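The values are calculated or read from the model by the stated rules, or taken from the named source; none is laboratory data. Keep in mind that this is a model prediction, so the values were computed, not measured. Here Cβ is always computed from backbone atoms with ideal geometry, including for glycine, and neighbour counts include all displayed protein chains. Surface areas here come from the heavy atoms of the whole protein model, side chains and all, with no ligands, DNA or RNA. Shrake-Rupley method; radii C 1.70, N 1.55, O 1.52, S 1.80 Å.
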Amino acid sequence: PLDILINGYLIAQGEVVALVGDNGAGKSTLLKLIMGEEMPDAGWIRTGPAVKTAYLPQIIRFQDSSRSALDTLIYECRCSPQQSRDALGQFGFRGEDALKAVGAMSGGEQSRLRLCMLMRGDINLLILDEPTNHLDIASREWMEDALQDYDQALLFVSHDRYFIEKFATRIWELRGGALTDFRG
């Protein structure tokens with residue numbers, strides 16, 4: 001089972017939690033704490049031994065921006081060309097789109113490619129930091145479609161009311177260093 005406990009707030013399998021708060025409230029810092037990239041000054045975060053996290057940051061980077069989307073999956077995800085093509089096709093990269101260099105892609109295409117890569121892994125907690133920022137409508141629709149079928153725990157930071165209302169089953173508000181949990 002998935003167990004992530006943050007100062008008494010538990011994220012369970014299948015839950016979708018939107019983390020909201022003013023700019024500078026510490027949302028991105030909280031994500032880093034959950035991922036173990038930083039240690040808390042106060043309070044605590046416990047993750048169960050079965051938690052496998054994947055993180056989609058606001059700014060996407062790839063090992064080699066001159067590689068095509070196809071080669072990026074082959075090299076970074078260690079998959080066959082056919083597995084790479086199949087995964088890319090599910091995220092809207094078909095035909096010549098799969099051969100486009102990642103450095104020449106729009107921000108939305110890069111986000112979609114990184115999400116494709118993340119969702120290939122064995123994960124049960126997907127963390128997204130402002131997933132709809134800078135996305136064109138087509139990329140946003142692909143993002144929404146991909147997340148619609150995701151049945152594990154999802155934690156995302158967003159100011160996008162439509163996205164929050166569409167996906168969140170809970171809302172965590174971060175204000176003044178305190179976290180408040182709103183269900184529903």
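Every test in (1) surrounded by 13 or more Cβ atoms within 10 Å (Cβ to Cβ); (2) over 19 Å from the mean Cα position of the chain (by Cα); (3) in a loop (DSSP other than H, G, I, E, B) is passed by Asp71 save one, and that test is (3). Does Gly36 satisfy the condition of being open to solvent by 30 Å² or more (accessible area, probe 1.4 Å), at pLDDT below 85 and outside any strand (DSSP E or B)? The answer is yes for Gly36. Pairs meeting the criteria (first residue in segment 54-71 and under 10 Å from Arg114 (Cβ atoms), second residue charged (D, E, K, R) and open to solvent by less than 20 Å² (accessible area, probe 1.4 Å), beta carbons under 6 Å, at least 6 apart or on different chains) are Pro57/Asp129.
With Ile11, Ile45 as the choices, which residue is in contact (Cβ under 8 Å) with a residue 24 or more places away in the chain and open to solvent by less than 30 Å² (accessible area, probe 1.4 Å)?
On the way: Ile45 fails: open to solvent by less than 30 Å² (accessible area, probe 1.4 Å).
Criteria check complete, one pass: Ile11.
I'm trying to understand the selection: among the residues of segment 156-183, which are of a type in the set (Val, Ile, Thr) and within 17 Å of Leu56 (Cα to Cα)? Answer for segment 156-183, where residues must be of a type in the set (Val, Ile, Thr) and within 17 Å of Leu56 (Cα to Cα): Val157, Ile164.
Okay, residues lined up against (1) among the hydrophobic types (A, V, I, L, M, F, W, C); (2) exposed (fewer than 14 other Cβ atoms within 10 Å of the Cβ):
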| site | (1), (2) |
| --- | --- |
| Asn23 | no, yes |
| Ser28 | no, no |
| Lys32 | no, no |
| Ala50 | yes, yes |
| Ser66 | no, yes |
| Cys77 | yes, no |
| Gln83 | no, no |
| Gly89 | no, no |
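Residues in segment 72-94 that are touching a residue at least 40 places away in the same chain (Cβ under 8 Å) and over 20 Å from Asp149 (Cα atoms): Thr72, Leu73, Glu76, Cys77, Cys79.
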